[in-house]
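Let me begin by presenting the structure, written as structure tokens, before commenting on it.
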Amino acid sequence: MSEALRVGIAGLGTVGASVVRLVTERAAELTRQCGRPISIVAVAARDRSRDRGISLDGMEWFDDPVALAKSKDIDVFVELIGGNEGPAREAVKAALDAGHHVVTANKALLAKHGLALADAAEKRGVLLNYEAAVAGGIPVIKTMRESLAGNTVLRVFGILNGTCNYILTRMEAEGISFEDCLADAQRLGYAEADPTFDIEGNDTAHKLAILTSLAFGTKIAADDIYMEGISNITQADIRAASELGYRIKLLGVAQKTETGIEQRVHPTMVPTASVIAQVHGVTNAVAIETDILGELLLSGPGAGGNATASAVIGDIADIAKSRPGFQHGPVFGRPAKELAPCKKAKMRAHAGGYFIRLTVYDRTGVFAGLARRMADNDISLESIVQHSDRDTGSDRKTVILVTHETTEAAVRKAIDGVTKDGHLVDTPQVIRIERAG
């Protein structure tokens, strides 16, 4: 039997501890599957005295993750520190420079430095695996990087943040406010004390940037993603969506358009009957549309110790199965030097259906004014729903407009016109409607 694959792990939080536990418990099974043992020989973390509920017997301890990354006693460096700079970046770079394979769950690091790290890995002939960086335990990276050879990806979209999906699910199911749902999510550990990174779309954007590169062969361009969060979603939006046959989800969407690559993260109306609308709670889902296969939907646990650890172990196992002299595939599906610049699409040119919620004064001429502004911008309406506002009194009306396909620019121009006419009581709510299988 081949010699053991020697693994060093930096970061012993929830995921790191789960990796150590599972590799230890399932050592015999992993050996059978990989044809060689996997041995965790060293670890690095900030607190040596902390009880993590796992045995570290026989593992060398490093206070400095960079020193672990450079160690000649490991074959694979697993980075579970987090963050796009500092120790995480320094350690991964040091490991690649030392000729070690790297496994990481760090989407922020890849979104910012993925191109440079991929180039370094490919020059050294080592693997940089990152299945756990996107959608937790769902094998979307392997699917896109390896299993869709020959397919042309047309669009990739999905629910990539469990915190947001949990909040929106509970808002709909229980009729409670965004603020109350967020407080509960924090209490249950689904949301951080500072939830901004999740609820404003940053986490989803980092993951989407990685999927975009894999889908379209472009350089990672996380700064080019149009981003809206869910903090302005109200019960009025949830109720209106339900009445119209839709459900609100925070989606990350990437697709090719005539003006470039469209990357966007925002609350989205999806048909209630669609498969992705049935993804509830902290579950993630990724849909991939291709010219040969059609639409493929992958769904499962997007976070948590075991789910993420499963993806990390899968990446380690792939390395264990490889053999010396084997030519590894490129990190992002194409050689790093051949990835094309990501030409950013004009968001105002985005075409699709739109949900528009307006709170207006209940007076003569308002509806005629709304209709005129829509007609002036060539916006065709699929439906109009109106009712007295339940929260602000009967002197005001809530008007819900659902458009046929139009452009973002036309919708914004029409709303600007309605605002200038003085009909609006509150800030308008605009939510895009996404075609979903």
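The values are calculated or read from the model by the stated rules, or taken from the named source; none is laboratory data. Quick caveat: nothing in here was measured; it's all calculated off a predicted structure. FYI the Cβ positions are ideal-geometry reconstructions off the backbone, even for glycines, and counts take in every protein chain you see.
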Filter result (among the hydrophobic types (A, V, I, L, M, F, W, C) and part of a loop (DSSP other than H, G, I, E, B)) within the stretch 14-73:
Ala45, Ile54, Leu56, Met59
Flag for Asp119 being modelled with pLDDT of 95 or more, assigned to a loop (DSSP other than H, G, I, E, B) and on the phi < 0 side of the Ramachandran plot
no
Quick check, is Asp73 over 20 Å from Ser213 (Cα atoms) and either touching a residue at least 40 places away in the same chain (Cβ under 8 Å) or buried (at least 17 other Cβ atoms within 10 Å of the Cβ) (or both)?
yes
Hey, Ser322 hits all of (1) crowded, with 17+ Cβ neighbours inside 10 Å; (2) under 30 Å from Arg26 (Cα atoms) but one; which does it fall short on?
(1)
Residues located in the stretch 173-214, provided they are charged (D, E, K, R) and surrounded by fewer than 17 Cβ atoms within 10 Å (Cβ to Cβ):
Glu174, Glu179, Asp180, Asp184, Arg187, Glu192, Asp194
Positions within the stretch 100-116 being in a helix (DSSP H, G or I) and under 25 Å from Ile40 (Cβ atoms), in sequence order:
Lys107, Ala108, Leu109, Leu110
Is one or more of the residues making up the stretch 101-108 farther than 24 Å from Ala222 by Cβ and among the aliphatic types (A, V, I, L, M)?
no
